[in-house]
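Handing you a structure now.
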């Protein structure tokens, strides 16, 4: 039964991560991911059969929730990558504009 308890905790953390990502609350994701990792390490240290593991995973719908989380993380990563690309493009455009402006301008230092 210890395996099932760990898997239920893991699944609850997965659902919590999904909710946080959907609500755009990204500040505490690392903490929750660390908790999930600790549960994985605990699961690795207990004896269980593969059949037990599969049975409990199916019973608590763990695989589907994990796939949802993976899809959300990939989607969020793609959005962030796109934002960074847009920022870089804007920065390069601004730098190019500023560079042309200052190299083409003539500055008079003498009073007339």
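The values are calculated or read from the model by the stated rules, or taken from the named source; none is laboratory data. Source: prediction; values computed, not measured. Cβ atoms come from the backbone with ideal geometry, glycine included; neighbour counts cover every protein chain shown.
Residues checked against (1) modelled with pLDDT of 95 or more; (2) more than 21 Å from residue 67 (Cβ to Cβ); (3) exposed (fewer than 11 other Cβ atoms within 10 Å of the Cβ):
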position	(1), (2), (3)
1	no, yes, yes
4	no, no, no
27	no, yes, yes
45	no, yes, yes
50	no, no, yes
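Can residue 15 be described as in contact with a helix residue (DSSP H, G or I) (Cβ under 7 Å, 6 or more places away or on another chain), more than 23 Å from residue 79 (Cβ to Cβ) and part of a helix (DSSP H, G or I)?
No; evaluated as a whole, the condition is false for this residue.
Right, another one. Consider segment 29-43. How many of its residues are closer than 15 Å to residue 76 by Cα and surrounded by 11 or more Cβ atoms within 10 Å (Cβ to Cβ)?
Of the residues in that region, 1 qualify.
Could you go through segment 73-86 and let me know if any residue there is under 17 Å from residue 12 (Cβ atoms) and in contact (Cβ under 8 Å) with a residue 40 or more places away in the chain.
Looking through segment 73-86, none of the residues is under 17 Å from residue 12 (Cβ atoms) and in contact (Cβ under 8 Å) with a residue 40 or more places away in the chain.
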